[in-house]
Amino acid sequence: SELRVDATALDSSGVTFGARQRSLGLMWLSAPIDYRYRWFVRSVDNFAKFPEGDSHRRRLGAGLQYQFGRWLASAELSGRRDGGGELGLRGNAEYRFNDYWTLLSSVELQSDVVPLRGHRVGVESDLIGVGARYAPHESLTLQFGAELENLSDGNSRQQLAAQGRKRLVNRSKFILEALGEASIGNRGRDDVPYFSPLRDVGVWAGAEGQWRVLSRYERR
């Protein structure tokens, strides 16, 4: 079995995305069943502080992951953790076309990516995405994708993005990788309460280091 925990804390002098943001994601996957299936439970907590009032998103979901041959797919049913509705569905599928290329697809009904400022006033969104990943070896990965999001207030978002990751140092206890991303997008409306530019371009680059501090049998 496996437990994944992701936590983020952000503080900002501006209020476009919230003067204070907190997020916590938990995901537990069962041990493999018949070498193909894994049950999982996922919890999401997102918070942002705005002048007009705080916004919280608390969701709980459960689903099934399937992996066999060239396929890796998962499906999840989720809802508000307090039982207040917002029933959502998430699905992801990957198909390894050959040793280098993997095709990607995803769909989200009642998506978690809707801005928290919009979520506060009841905005909901559905999302569909397609992409491809190119990995000639473990030291280089390139990924390309497109997303289409439709929001319940009549807004929409289309985005194209490319990501890359290159391993620079590969040691038994230390790994250093360079990574970057470029994206371009557009939206249907900008007269909405959340950040929604009609056109946007984003570029970033960075580095990631991984140190193994403890390794004993199957625990790392």
query = Can you give the relative contact order of the chain as a percent, counting alpha carbon pairs under 8 Å and 6+ residues apart?
reply = 10
query = Can you list residues whose amide H is under 5 Å from GLU124's amide H, if they're 5+ apart or on another chain and H is modeled 1.01 Å from N?
reply = SER152, ASP153
request  = Please calculate the 1.4 Å probe accessible area of LYS173, with all protein chains present, and give it to the nearest 10 Å².
outcome  = 140
Calculated [θ] (222 nm, deg cm²/dmol) that DSSP helices of n ≥ 4 give over the chain, each run adding -39,500 (n - 2.57) = -500 deg cm²/dmol
task = List, in order, the whole-Hz ³J(HN,Hα) value for each residue of segment 142-148 obtained from phi through the Karplus relation with A = 6.51, B = -1.76, C = 1.60 and θ = phi - 60°; use x for Gly and Pro.
result = 10, 9, 10, x, 9, 10, 10
query = Can you list the HN-Hα couplings for segment 37-42, worked out from phi with the Karplus curve (6.51, -1.76, 1.60; θ = phi - 60°), rounded to whole Hz and with x for Gly and Pro?
reply = 10, 9, 7, 8, 10, 10
task = For the chain, set up a Gaussian network in which alpha carbons nearer than 10 Å are linked by springs, and say which option among LEU160, LEU168, LEU72 fluctuates the most.
result = LEU168
query = If Lys and Arg each add +1 and Asp and Glu each add -1, what is the summed charge of the other residues whose beta carbon sits under 12 Å from the beta carbon of VAL107?
reply = -4
request  = Could you look at the chain and say what percent of its accessible area is carbon and sulfur, using a 1.4 Å probe and all protein chains?
outcome  = 56
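Could you tell me the calculated FRET efficiency between GLU52 and SER12, based on Cβ-Cβ distance and R0 = 25 angstrom, to the nearest 0.05?
Working: r = 16 Å, r/R0 = 0.64.
The formula returns an efficiency of 0.95 here.
Please report the net charge: other residues with Cβ closer than 9 Å to the Cβ of ARG167, K and R +1, D and E -1.
Working: positive: ARG165, LYS166; negative: GLU138, GLU177.
For residues surrounding ARG167, the net value is 0.
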Probe 1.4 Å, accessible area per residue of the chain, Å² = 64
query = What do you get for Rg/Rh of segment 3-144 when both radii come from the Cα atoms and Rh is the Kirkwood radius?
reply = 1.03
note = If one builds a Gaussian network model of the chain from Cα atoms under 10 Å apart, the most fluctuating residue listed among SER196, SER172, SER43 is SER172
task = In whole Hz, with x marking every Gly and Pro, tabulate ³J(HN,Hα) for segment 157-171 from phi via Karplus 6.51 cos²θ - 1.76 cosθ + 1.60, θ = phi - 60°.
result = 9, 10, 9, 10, 8, 9, 10, x, 9, 10, 7, 9, 10, 10, 10
key: Area accessible to solvent at VAL169, 1.4 Å probe radius, in Å²   = 40
task = For every other residue with a beta carbon closer than 13 angstrom to the beta carbon of LEU148, add +1 if it is Lys or Arg and -1 if Asp or Glu, then tell me the sum.
result = -2
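The values are calculated or read from the model by the stated rules, or taken from the named source; none is laboratory data. Bear in mind the structure is a predicted one, so any value in this text is a computation, not a measurement. Cβ coordinates were reconstructed from backbone atoms using ideal geometry, including for glycine residues, and neighbour counts include every protein chain displayed. The protein model used for the area step is the full one, side chains on, heavy atoms only, and it has no ligands, DNA or RNA in it. Shrake-Rupley method; radii C 1.70, N 1.55, O 1.52, S 1.80 Å.
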